[in-house]
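K.L.:
Structure incoming, see below.
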Amino acid sequence: MGRRSRGAEAAIAVVVLALSTACGSRLPESDFEHRDPGGPTTTAGDRAPIRVGIIASATSPVGGNAFTGPRDGAKAYFDRLNARGGIDGRHVEVRECDDGGSGVGNNECVHKLIDEEKVVALVATTALDYAGASRVSRARVPDIGGQPIGTAYDTYPHLYGIYGSLAPRNGTTGWDGKQYGGTEVYRYFKREHGARTAAVVSYNQSASAAYARLVERGLKAEGYKVVTEQVDFALPNFRAVAADLKEQGADLVFDAIDTHGNAQLCKAMDDVGAEVTAKVTNVQNWTSTVADDYKDAPRCRNALWATGSSRNHEDTGQDAVREFRDATKGRKTHSQWQLEGWAAAMWFTDAAKSCAREGVTRACVDDFMNRNQGYTADGLLIPVRFERSAEPPGTRRTCLSVARWEDGRGWVSQGDMNNTCFDVPQLSYQP
C-alpha cells in the first residue's frame, strides 16, 4: 500500500464490525488495456457544466452520517468554486448517489453515474462495500480522493485514494494480496511522550481481533510492552478492562472498537481512575462532536489524541483550513473527513483546470492524477503520491498529523505534520 494512515486501517476495522466489506470481482489486466473512446469529452469551446459523481454510503447499516463527511466537504468546495465562476467559466455539476452500504447498491451507483450520467470523474468516494471498483477502473474513470475503507484503492488503476499508494494496482491487492503499514504512530508517542506500555482493546469479533493483532505487532516492533484486552461484542465488560489498564500502568490505549464502545470504555476508565498519556483514536472519529460523544468521561475525553495524514480541521491559523471552515461555517459539526472531502474536490478541480484548454476528459484528468509529484491540496494533505513500486517497501519515511482534544479549545495540533516524520519499518498484513 502507499501511505495508508493507521486511522484508515482503524476505520476499516470499525466498520466491518457491522458488515464484511468486499471489493467486487477481480478483472484480468486485459480488461484495462484499451482506452474507451466513448468517454465524456468537453472541449474548450463547450460551456456546458462539468459533471462529477459522488458515491457515499449515506444510509449504510453502520449508521446514519457515518460516511457522509467526505461528500459534504466535497460539495462545500464545489459550491464555493461555482460561486466564484467555476472552472474556466464552467460550473461543476455534482451528481450524488447513496449506495446504501451494499455491494448491489454500489454497482447500481457506478452504473448510473458512469454509464447514464456520463460523469468525467468520481470524487470523494466513501463506500462501505466498493463492489463497483473494478467497473470504474475498467471504464477508465478517475476516482479521486476516495476514502480507503476497503482495498480497492490499492488494487485497481484509475482509482486514487486520498492517502496515495505505492502498490502496483494491477488488479491484485497490494503485493501478492498483502498490504503494508508503518509504525510511525507508535514511534511518535514513544519519542515525544516517553510511552512504554500500550494497551490494545478489541471485541471478540474476527475483524476487530485481526486489526488488534496488527496494532500489537506494530507496537512490539517499536519496543512497547503490550497489554491486550478483549471484550464480548454483545455484552462488553468495559469496567473490567479499565481496571486492568490501571493495574498494568498503561501509557497508551489503542482500540479496534466502535465509537459507542469507545465512549463506554472512556467512562469506565474515569470511573476506576485509570489515567493514561493518550487514548488514541482514528481519523474517522476526529470530529467536533467529542464533547457530546464523551460527555460522561471528562478525564478520558481530555486524553483523546487523533492521528492522520491531513491538517487538523481546527487549525485555522492555516489559510487553506480557514477557507474550508469559512465555507462550512453554517454546519453544526465539523470533521477531518469533511476536510479530506474538500481536499478531494480541490484535487479534481486542479486536474480539470490543467485540461481546460484542450478539453476536460476522463483521460486528461487521469493523466494529471498520474503525475510523479506529491499533491498537497494547498497544504491540507501530507504530499500524496502514486508510485506503483514493483516490490513492497521495507522501510519508509512517513509523516503524520497529530492533534489532542482539550475542553474549551477543541482539537489542538501537536507540531507541524510535514515535520513530524519518522523512518519506520513497513509491516505486511492480510486485508
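The values are calculated or read from the model by the stated rules, or taken from the named source; none is laboratory data. Keep in mind the model is a prediction, meaning the values are calculated, not measured. Positions of Cβ are backbone-derived with ideal geometry, glycine not excepted, and every protein chain shown enters the neighbour counts. For the accessible areas, the whole protein counts, side chains as well, though only heavy atoms, and no ligand, DNA or RNA atoms are used. Shrake-Rupley method; radii C 1.70, N 1.55, O 1.52, S 1.80 Å.
K.L.:
Going by the alpha-carbon gyration tensor, a ≥ b ≥ c the square roots of its eigenvalues, is region 343-398 rounded (a/c under 1.5) or, if a/c is not under 1.5, prolate (a/b greater than b/c) versus oblate?
P.N.:
oblate
K.L.:
Over the chain, what relative contact order in percent results from Cα pairs under 8 Å that are six or more residues apart?
P.N.:
So the answer I get is 21 percent.
K.L.:
Please name which of 253, 418, 223 has its Cα lying farthest along the dipole of the chain towards the positive end, using unit charges on Cβ (Lys, Arg +1; Asp, Glu -1) and the Cα centre as origin.
P.N.:
Among 253, 418, 223, the one farthest towards the positive end of the dipole of the chain is 418.
K.L.:
Excluding ligands, DNA and RNA, what is the solvent-accessible area per residue of the chain at a probe of 1.4 Å, expressed in Å²?
P.N.:
Dividing the accessible area of the chain by its residue count gives 38 Å².
K.L.:
Quick check: convex hull of the Cα atoms in the chain, volume per residue, rounded to a whole Å³? Please list the in-between numbers first.
P.N.:
Working: hull volume 53.3 nm³, N = 431.
Each residue corresponds to 124 Å³ of Cα convex hull volume.
K.L.:
Let me know the shape class of region 315-431, please: from the alpha-carbon gyration tensor, a ≥ b ≥ c as square roots of the eigenvalues, rounded when a/c is under 1.5, otherwise prolate if a/b is greater than b/c, or oblate.
P.N.:
In terms of gyration-tensor shape, oblate.
K.L.:
Something else now. Per 0.36 nm of contour for each residue apart, how much would the distance between residue 260 and residue 428 grow if the chain were fully extended, relative to their Cα-Cα spacing?
P.N.:
Length difference between fully extended and current span is 57.5 nm.
K.L.:
Subtract the Cα-Cα distance of residue 318 and residue 115 from 0.36 nm times their separation in residues, and report this length gain in nm to one decimal.
P.N.:
Answer, rounded to one decimal: 69.1 nm.
K.L.:
If 260, 313 are ordered by their accessible area, calculated over protein heavy atoms with a 1.4 Å probe, which sequence runs from highest to lowest?
P.N.:
Correct descending sequence by accessible area is 260, 313.
K.L.:
If you add up the charges near residue 403, with Lys and Arg at +1 and Asp and Glu at -1, over every other residue whose beta carbon is less than 9 angstrom from its beta carbon, what do you get?
P.N.:
Once positives and negatives cancel, what remains is -1.
K.L.:
If I model a spin label as a point 7 Å beyond the Cα along the Cα-Cβ vector, how far apart are those points for residue 193 and residue 399 in nm?
P.N.:
Reported label-point gap for residue 193 and residue 399 is 2.2 nm.
K.L.:
Return the percentage of antiparallel bridges among DSSP beta bridges fully within the chain, rounded to the nearest 5 %. List each step's numbers first, then the result.
P.N.:
Values: 24 of 57 bridges.
Percent antiparallel among DSSP bridges in the chain is about 40.
K.L.:
Using helices alone, what [θ] at 222 nm do you get for the chain, with -39,500 (n - 2.57) per DSSP H run of 4 or more residues, divided over all residues and rounded to the nearest 500?
P.N.:
When only DSSP H runs of four or more count, the value is -9500 deg cm²/dmol.
K.L.:
Cβ under 13 Å from residue 274's Cβ, residue 274 left aside: what net charge do those residues give with Lys, Arg +1 and Asp, Glu -1?
P.N.:
In short, -2.
K.L.:
Rounded to the nearest 20 debye, what is the charge dipole size of the chain about its Cα centre when +1 sits on each Lys and Arg Cβ and -1 on each Asp and Glu Cβ?
P.N.:
Once rounded to the nearest 20, the dipole reads 560 debye.
K.L.:
What dipole magnitude, in Debye to the nearest 20, does region 106-151 give about its Cα centre under +1 on Lys/Arg Cβ and -1 on Asp/Glu Cβ? It would help to have the intermediate numbers written out before the result.
P.N.:
Working: 5 positive and 6 negative charges, 36 e Å.
Here the size comes out at about 180 debye.
K.L.:
Roughly speaking, to the nearest percent, how much of region 281-431's 1.4 Å accessible area is carbon and sulfur? Could you put the intermediate results ahead of the total?
P.N.:
Values: 2540 of 6320 Å².
Of the solvent-accessible surface of region 281-431, carbon and sulfur hold 40 percent.
K.L.:
May I pose another question? Net charge around residue 238, counting only other residues with Cβ within less than 14 Å of its Cβ (Lys, Arg = +1; Asp, Glu = -1)?
P.N.:
Working: positive: 239, 246, 267, 279; negative: 229, 232, 244, 255, 258, 270, 271, 296.
Net charge in that neighbourhood comes out at -4.
K.L.:
Treating the beta-carbon of each Lys and Arg as +1 and of each Asp and Glu as -1, no other charges, what is the dipole magnitude of region 54-189 about its Cα centre, to the nearest 20 debye?
P.N.:
320 debye
K.L.:
Just in region 225-296: which trypsin sites (Lys or Arg not before Pro) are loop by DSSP and have at most 16 other Cβ atoms within 10 Å?
P.N.:
Listed in order of number, the matching sites are 295.
K.L.:
Assuming a strict under-26 Å limit between Cα atoms, what lysine pair count do you get for the chain once near-sequence pairs (fewer than 8 apart, same chain) are dropped?
P.N.:
28
K.L.:
For region 135-188 and region 218-266, what is the separation of their C-alpha centers, rounded to whole Å?
P.N.:
Here the two parts' Cα centres lie 29 Å apart.
K.L.:
Given the convex hull of the Cα atoms of region 92-155, what is a quarter of its surface area in nm²?
P.N.:
For region 92-155, the mean projected area of the Cα convex hull comes to 3.8 nm².
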